[in-house]
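Working notes for the structure below.
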Amino acid sequence: MKNNDLLNLPSVSQIMQIAEKEKFHNNRYVKYLIKQELQKFRDVAKKGRLELDRNSIIQDILSKVSLLSDSSIKPVINATGIVLHTGLGRAPQSKKIINKVAKRLSAYVNLELDLENGKRGQRQNHISNLISSIVGAEDALIVNNNAAAVLLSLNELAEGKEVIVSRGQLVEIGGSFRIPDMIKKSGCRLVEVGTTNRTHISDYEDAITKNTGAILWVHTSNYTISGFTKEVLIEELVCLGKKKRISVMVDLGCGEILDLSENGIPTNIVVGDVVKSGSSVITFSGDKLLGGPQSGIVVGKKSIITKIKKNPIARTVRCDKWTIALLEETLRSAQEDLVGENLTLSLLMADRSKIQKRVENFLKLIPKNINRDHKMIIEETFVEAGSGTLPAEKFESIALKITSKKYSPSALSNLFRKAKYPVIGFIKNNNFYLDFKSIIPFQEKFLLSSIIEALD
């Protein structure tokens, strides 16, 4: 085509007439997408490089619009082996919990209404007593993530004052959550003590001034330091805090509400034990080992938690009804049964022999013609929990190693990712793997469909 063939490009209205017959959702959005795609063809036509005729252009645009107009959030099959995968939404939610919550929230709910007296209630009341009873705290609240929990708590405890932190605990999580930055944004001033590998109680004591607002202890949940090290115990800091009348705040990051060591999950730090230490405020995540929705949980002394609830920032980071209901159901389930409907724990606790049987049974379902061109080998693997949880621990697992006569590992990864039921595996040593540690059992039928689609 030449530049003057710009005149032969279809108009937005022409494409819309055809699109309306396809019954796409939201005509305004469809029109926006058509304009975007049509502009790409205009840019190419201006350069005299357009090769498609009008009908082909229309079909190409409609095909792309069909994909783009669909929901961008899709269910995927996590075959990375990493159960708490941040890119894939961290803790997966069971259908049973989702259905229970959906039934309750399908219409109006008493989010901020006290049904007993008919007066205005507090959304935190639906969850605070439950959390407090589980961890043994005086009071609790939830916000939209642990970063918010840390910022909010620091702001209430020490705005305009100094916060003392060990240099060995100035962590970065996920490339955007940095303790020094959080302290600064909370309106506090960071005071570093000790060294990267060794900090003593005397370092904290020497740093205390009349302007000290809080002592912060941070759990280095996404890395470990070994060798010549020294870390001050939380209990020691609490004693110092009582002596100097200074609040001690603990950021646990991941946070465990149950001791899972007998169930194949190494004990990190149990929240209840930190509560017993006498810490004023403790923050941790709701979407890691708790297995709940994205949320940050704050527990501690009632006098302080009450103030935090009244802090103006608390409203900006509050959770909606869905988060509250999902976390509540997750916690209730875990209390009735150690695992309950908690998919995170059930996946992490599954031992290698159990996973091996699943994989062996799954292999029997794969059509023989696929096995001729694509070799699948069962291989033992070691995987991480993910999201900075238990970074030094490896979990035993089983994976399918796929080698193909037709496709490279990167091509295989692309085919699986773009299947009707997207599958996210990983490449290692120039081989493509599907690790079953993180594959939810009910998704295996969809995985089979994706294997057939990608390799048949």
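The values are calculated or read from the model by the stated rules, or taken from the named source; none is laboratory data. A quick note: this is a predicted structure, and the numbers were derived from the prediction, not measured. FYI the Cβ positions are ideal-geometry reconstructions off the backbone, even for glycines, and counts take in every protein chain you see.
Of the residues K405, K394, K418, which is surrounded by fewer than 18 Cβ atoms within 10 Å (Cβ to Cβ), among the charged types (D, E, K, R) and under 14 Å from K375 (Cβ atoms)? First the steps, then the outcome.
Working: K394 fails: under 14 Å from K375 (Cβ atoms); K418 fails: under 14 Å from K375 (Cβ atoms).
The unique qualifying residue is K405.
Listed by first and then second residue, the pairs with beta-carbon distance under 9 Å, at least 6 apart or on different chains, first residue in region 383-412 and farther than 21 Å from R352 by Cβ, second in a helix (DSSP H, G or I) and at pLDDT below 90, are S404/D373; K405/R372; K405/D373; K406/D373. Here the strands (runs of 3 or more DSSP E) wholly within region 159-221 that include at least 2 residues being closer than 22 Å to V271 by Cβ are 162-166, 212-218.
I'm checking my understanding of the structure. Among residues of region 81-121 that are among the polar types (S, T, N, Q) and in contact (Cβ under 8 Å) with a residue 40 or more places away in the chain, which one is nearest to T323 (Cα to Cα)? If we take residues in region 81-121 being among the polar types (S, T, N, Q) and in contact (Cβ under 8 Å) with a residue 40 or more places away in the chain, then Q93 is nearest to T323 (Cα to Cα).
Mind checking whether some residue in region 23-33 is of a type in the set (F, W, Y), at pLDDT below 85, assigned to a helix (DSSP H, G or I) and within 40 Å of the chain's Cα centre (by Cα)? Within region 23-33, one or more residues are of a type in the set (F, W, Y), at pLDDT below 85, assigned to a helix (DSSP H, G or I) and within 40 Å of the chain's Cα centre (by Cα).
Looking only at region 344-377, which residues are out of contact with any strand residue (DSSP E or B) (no Cβ under 6 Å at 6 or more places or on another chain) and hydrophobic (A, V, I, L, M, F, W, C)? Outline the logic, then answer.
Just the residues of region 344-377 that are out of contact with any strand residue (DSSP E or B) (no Cβ under 6 Å at 6 or more places or on another chain), to begin with: 344-351, 353-354, 357-358, 360-373.
Within region 344-377, L345, L347, L348, M349, A350, F362, L363, L365, I366, I370 meet the criteria.
Answer yes or no: is there a residue in region 128-144 that is closer than 25 Å to D273 by Cα, touching a Ser or Thr at 6+ places or on another chain (Cβ under 8 Å) and part of a helix (DSSP H, G or I). No, region 128-144 has no match at all. The set of residues from region 201-244 being within 34 Å of the chain's Cα centre (by Cα), of a type in the set (S, T, Y) and over 26 Å from N155 (Cβ atoms) comprises Y223, T224, S226, T229.
Restricting attention to region 86-114, the residues that are touching a helix residue (DSSP H, G or I) at 6+ places or on another chain (Cβ under 7 Å) and not basic (K, R) total 10. Do we have S333 as under 30 Å from R123 (Cβ atoms), free of Cβ contacts under 8 Å to residues at least 24 places away in the same chain, in a helix (DSSP H, G or I) and under 21 Å from the mean Cα position of the chain (by Cα) here? Spelling it out, it is not the case that S333 is under 30 Å from R123 (Cβ atoms), free of Cβ contacts under 8 Å to residues at least 24 places away in the same chain, in a helix (DSSP H, G or I) and under 21 Å from the mean Cα position of the chain (by Cα). Within region 251-273, if we keep just the residues that are acidic (D, E) and touching a residue at least 24 places away in the same chain (Cβ under 8 Å), the residue that is farthest from D287 (Cα to Cα) turns out to be D251.
Against the numbered list (1) in contact with a helix residue (DSSP H, G or I) (Cβ under 6 Å, 6 or more places away or on another chain); (2) free of Cβ contacts under 8 Å to residues at least 40 places away in the same chain, V44 comes up short only at (1).
Note on region 150-166: among residues that are among the charged types (D, E, K, R) and over 27 Å from the mean Cα position of the chain (by Cα), the one that is farthest from I201 (Cα to Cα) is E159. In the set I77, I82, I73, I61, only one residue is under 21 Å from I34 (Cα atoms), surrounded by 19 or more Cβ atoms within 10 Å (Cβ to Cβ) and either under 25 Å from the mean Cα position of the chain (by Cα) or outside the structural domain of P422 (by TED's automatic domain parsing) (or both); that residue is I61.
Residue under question is S153, and the condition is that it be hydroxyl-bearing (S, T, Y) and at pLDDT below 95; does it hold?
In short, no.
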